[in-house]
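**Student:** Provided herewith is a single structure, encoded as structure tokens, for subsequent inquiry.
Here, each number is a calculation from the coordinates, and none is a lab measurement. Quantities reported herein were computed from a predicted structural model and do not represent experimental measurements. Ideal geometry is used to build each Cβ from the backbone, glycine not excepted, and the neighbour counts take in all protein chains shown.
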Amino acid sequence: MHSSSYSEHAVPPFLGGTTAAYQERAVVHHLREHFDAVWFQRVPGGTSGLSVIPDGSAEIVWFNGVLRVAGPERQLRFERVRPGSFAVGVRFRPGCALPWLKVPLSQLVDGHCELAALWGEHACALAEWVGDARDPSELGQRIEQTLLRKLPIIDVPDELSKAVFQLVSTRSDASFPVTRHLCQSLGISERTLRRRCHELFGYGPKTLERILRFQRFLRLLRSSDGSRIAQLADEMGYADQSHLSRETHQLTGLTPDQLRRRVTSRLRSVCQDQDSIRLS
């Protein structure tokens, strides 16, 4: 059974104004080992672009009739888009894109390319078929159907990627260097760890930790209910509030307080947004 339950309250990887329509849902069951979510983004009128913040993932995105691959980001990226346009994409689980794209993620980091550059001309025909969908929901479903047809020839995600992601995501002692922690936990050399991380994630362990920690802060910020920024910084393992402020500015272009207002005002606005986007 196909799930079509989109969540309007997910914190998006886009900061494009409080009325930007962002929704996401889980992918169909057979793809969940590889992909995290299907998402939909509509650009509101009067918006010239979207600020894309790093989330540790690569994506396959349909936009303006083209299927493209968006590599993992290391820093804030501003993308100019036409007001009223929309995109639909599927987000890889961190470290799981390599079997599908067949190139090291370090070659795609901070950039994007047409899917045809990796999958050949067949991807152009797929983009045309996907674009013939009646609405965004069907468009997302067609992308999933494309991936399901390819799934039998795709290797399972690398066990090392799962182990690295799990260890970095659950680290509680930020005072101990993440690279040394991973090498000791996994029993591999630092050289091997760095090479494999660049292949699987696009960058090294320190950058991965930095991005995943910020994503945890972003989720906590959404549900913090007025907690002081200094308290949140301490909970997330930042050295101090200044450290958090520097990270927030580099990754979003905003201060922590500005980011809080952006996130909370967006959550209020989506409850009032009655635009007719078919997602059933």
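**Student:** Considering only the other residues whose Cβ falls under 14 Å of the Cβ of A70, what net charge follows from Lys and Arg at +1 and Asp and Glu at -1?
**Tutor:** Details: positive: R68, R74, R77, R91; negative: D36, D55, E59, E73, E79, D110, E114.
For residues surrounding A70, the net value is -3.
**Student:** Taking R0 as 25 Å, what's the FRET efficiency between D257 and H112 from their Cβ-Cβ distance, rounded to 0.05? Walk me through the intermediate numbers first.
**Tutor:** Details: r = 31 Å, r/R0 = 1.25.
That pair, D257 with H112, gives E of 0.20.
**Student:** Also, I was wondering about something else. So for the pair D132, R80, with labels modelled 7 Å out along Cα→Cβ, what separation do we get in nm?
**Tutor:** Calculated label separation equals 3.4 nm.
**Student:** Now for a separate question. If the cut-off is 23 Å between C-alpha atoms, which lysines fall inside it for K102, apart from same-chain ones fewer than 8 positions away?
**Tutor:** Cross-link targets: K150, K162.
**Student:** Could you tell me the calculated FRET efficiency between L220 and A125, based on Cβ-Cβ distance and R0 = 41 angstrom, to the nearest 0.05?
**Tutor:** Details: r = 43 Å, r/R0 = 1.06.
The computed FRET efficiency comes out at 0.40.
**Student:** Next up: Hey, what did the stretch 159-267 get for relative contact order, percent, Cα under 8 Å, at least 6 apart? Working shown, then result.
**Tutor:** Numbers: 71 pairs, mean separation 20.9, N = 109.
It comes to 19 percent, rounded to a whole number.
**Student:** Right, next: All other residues with a Cβ under 9 Å from the Cβ of V90 taken together, and with Lys, Arg as +1 and Asp, Glu as -1, what is their net charge? It would help to have the intermediate numbers written out before the result.
**Tutor:** Values: positive: R91; negative: D36, E59, E144.
Net charge around V90: -2.
**Student:** Where Lys and Arg each count +1 and Asp and Glu each count -1, what net charge lies around C124 among other residues with Cβ under 12 Å from its Cβ?
**Tutor:** Counting the neighbours of C124, the net charge comes to -2.
**Student:** HN-Hα J couplings of the stretch 182-189 from phi, Karplus 6.51/-1.76/1.60, θ = phi - 60°, integer Hz, Gly and Pro as x?
**Tutor:** Result, ordered by residue: 5, 4, 5, 6, 9, x, 10, 7 Hz.
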